[in-house]
Each structure stands twice: as structure tokens, then as C-alpha cells.
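The values are calculated or read from the model by the stated rules, or taken from the named source; none is laboratory data. Please read these numbers as outputs of a predicted model, since none were measured by experiment. All Cβ positions, even for glycine, are placed from backbone atoms using ideal geometry, and neighbour counts span all protein chains on display. Accessible surface areas use protein heavy atoms only, side chains included; no ligands, DNA or RNA. Shrake-Rupley method; radii C 1.70, N 1.55, O 1.52, S 1.80 Å.
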Amino acid sequence: MSDRSLSPAWLASWTERVSGTLTARTGEFEHRHGFPPGINQVRPADHDDQAAAHTLAQVTPTPADLVTFYESIGDVTWEDVGNGYFLDTAGDLLLRLQEYGVVDVGTDEKSRGLVIGSNGGGLIYVAGPDGAVYRTRTASLDEAELDKVADDLRQFLELLERSLTRFNADGEPGYL
């Protein structure tokens, strides 16, 4: 395992940090905005999520860090951070894979990725076979143009955390 690989301990620490920031953010939300906050959480994986993660690893070449992520985290839903950030459940990945297949992230057959989530603005996040995370330029996967936003899932989660911290500080989530 490299220093950049995800571990359950690193994911637990990340979850604790962002959950604390989310709690602080939503604590005064209704007072500030006049309506209650939406769902803003990192949901721990339950048995069904973990089973789906294992199935995902068996049916497609899935980066090991993505499997580790889904063994620990069920989904990420941040409705009130910028336009929102969403990392889907492993079960949703499996359904999407069954319905639509993989996403082309490069020039050869081995460059196929999995849609892992989106932002509330309609841009879609795709995990490549090497673990890199890409974002679509538009809200469509039809002939999608993708930009690499992170070298691996850990870096992507760190960028999400920075977006959350920045949003709490100045109301701007950044470019993700």
C-alpha cells in the first residue's frame, strides 16, 4: 500500500474532520437563511454498501481505493455546500454500470471509468481505472469531455474537504 492509498483509518479521520465542519455549517443555517438545511453528511457504509463494494470489485476493474472507500463510506451528500457535492453509493454505481456501462476516459479500451458522483451544477465525477478522478465539462456523458481533477481518490477527497472549508470561510466552494 502506498502512502497515498486510502485506508479505513484515513477515511475515518477524513469523515470526522468534514463531519465537524458540516455540523458547524448547518448549526446556524436555518437562522441565517430562513429555512432548514438539506442533507449534509458523510454516511458510514452499512452491510448492503459493503456487499455492493465487493460486487463492484468483482464485475469491473475497480481501483482498490474506490473499493476501500465504499467499504467505509456509504455515500457523501452535501446539499448546502455551493451547488452541492454528491458521491453515490456503490449500489448506485452498480445500477448505472448495468444500465449504461463504463465511461470512456481516454484513447484506448483500458481507459474506462465509473461515474462516482456529481456536483449540484450537473458536472459528473468519474473514477478512472488508474484511480484518477475526472470531471465532465458539461452535464452530459454523451461524447463527454473530461478534465482530470485529482491523481487519486485520496487527493479528490482532500480537494472536497478544502472546498468545504473554503465555503465555510467565504461562501465560495472553489472549482470542483
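Descriptive notes on the structure:
- Cβ pairs under 7 Å, 6+ apart, first in the range 14-32 and within 19 Å of residue 154 (Cβ to Cβ), second among the hydroxyl-bearing types (Ser, Thr, Tyr): 21/165
- When residues of the range 47-86 are limited to those that are farther than 15 Å from residue 15 by Cα and of a type in the set (S, T, N, Q), the one surrounded by the fewest Cβ atoms within 10 Å (Cβ to Cβ): 58
- Among the residues making up the range 27-42, a single one is among the hydrophobic types (A, V, I, L, M, F, W, C) and in a helix (DSSP H, G or I): 29.
- Complete set of residues in the range 122-176 that are more than 22 Å from residue 60 (Cα to Cα) and either aliphatic (A, V, I, L, M) or in a strand (DSSP E or B) (or both): 123, 139, 147, 149, 157, 159, 160, 164, 169, 176
- Only one of 24, 51 that is in a helix (DSSP H, G or I) and closer than 15 Å to residue 168 by Cα: 24
- Residues that are in contact (Cβ under 8 Å) with a residue 60 or more places away in the chain, closer than 26 Å to residue 170 by Cα and not β-branched (Val, Ile, Thr), drawn from the range 54-82: 78, 82
- Qualifying positions in the range 123-137 - within 10 Å of residue 151 (Cα to Cα) and open to solvent by 30 Å² or more (accessible area, probe 1.4 Å): 130, 134
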